[in-house]
Amino acid sequence: MAWIKTPKNWELPNQEITPEDIYLRRREFLSTTLKFSAAAMTLMHPISYSSPLCAEEKKEIPSFDPTPESIASKFNNFYEFGVEKDQLWKSARKLETKNWTIEVGGLVKKSKTLDVETLIQRFPEEERVYRLRCVEAWSVVIPWLGFPLRLLIDQLDPLPSARYVKFTTFLLPNIALAQKNRFWEPWPYTEGLTLEEARHDLTFMATGVYGHPIPNQHGAPIRLIVPWKYGFKSIKSIVRIDFTDKLPATFYTSMSPLEYDFEANVNPDIPYARWHQAFERIPGKEETEKTLLYNGYAKQVASMYS
Ligand code: MTE
């Protein structure tokens, strides 16, 4: 009898994945990508992109062709360390990620401290190739290693009254200098999801990339990945998880509530105040691509919003 493997809804047909040796050989990160890096923030997201051409010709099926690591690891957002995307891989090195812990509190049976090294051993490691679409209208495809957040939530015993999960990044102004220099911003960086979103099979805790432990600029030692939402929801270097019954305030919704919403699902039809969201640039490539509803994950997530 033939053995039939039912693919999970985040899995890709093998032929859609470019072999590592091919994508690694792709051309190096062009200095031209700087043309869409953020100038100091109005600063964080100051970009006003002109309309890309040839909209009709662009394909609408999602691409899962991984971005070469040499590009994705040197084109980041991590505002705690500044706004120069091509420099964060260096400036974020200052972060010490050994003996990292996560405090768990709020509406849970028992508050606790999780040791991340131990936590990583607790769940089988999975690799997921996910699209990441930044609100700044660029995107990458990254093979993450880690485990579904749902597995962790099940072990944390949230109370029945819990409706949201709030995540918090470290507060270390002597290391992450933007937290000192831009003291008026609502540090530490925080994000949140509904409990239903947090338990969705696509929602992932990443502890590795491209087959190795996650480097600091990508959010070491542990970060969230929510591939159908704008990248700012995918909070890096988490130190706290709280369960709440109220919609949590987040870094962006506190700073600019008219511009950033809590839900932040990728939607090409809803332009942001300062730029459209219909297209996205791919670092290292000249051409833009059409942005897809829910970043190409509509089949898996649309029912949560209907
Ligand atoms: N998490 C923290 N703590 N600080 C940040 O500045 N930037 C977000 C998100 N997570 C950010 C963060 C944004 S805007 C994006 S697009 C993604 O991280 C980028 O992830 P990457 O650099 O790993 O590609």
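Peptide packing: for 103-113, 138-148, the average count of neighbouring Cβ atoms within 10 Å per residue gives the ranking 138-148, 103-113, highest mean first. With every protein chain in place and a 1.4 angstrom probe, the accessible-area ranking of TRP89, TRP100, largest first, reads TRP89, TRP100.
How large is the direction-averaged shadow of the alpha-carbon convex hull of the range 177-306, in nm²? The partial results should precede the final answer.
Numbers: hull surface 39.4 nm².
Projected over every direction and averaged, the Cα hull of the range 177-306 covers 9.9 nm².
The values are calculated or read from the model by the stated rules, or taken from the named source; none is laboratory data. Keep in mind it's a predicted model, so treat the numbers as computed, not measured. With ideal geometry, Cβ positions are generated from the backbone for all residues, glycine too; neighbour counts draw on all protein chains shown. Only protein heavy atoms, including side chains, enter the accessible area calculation; ligands, DNA and RNA are left aside. Shrake-Rupley method; radii C 1.70, N 1.55, O 1.52, S 1.80 Å.
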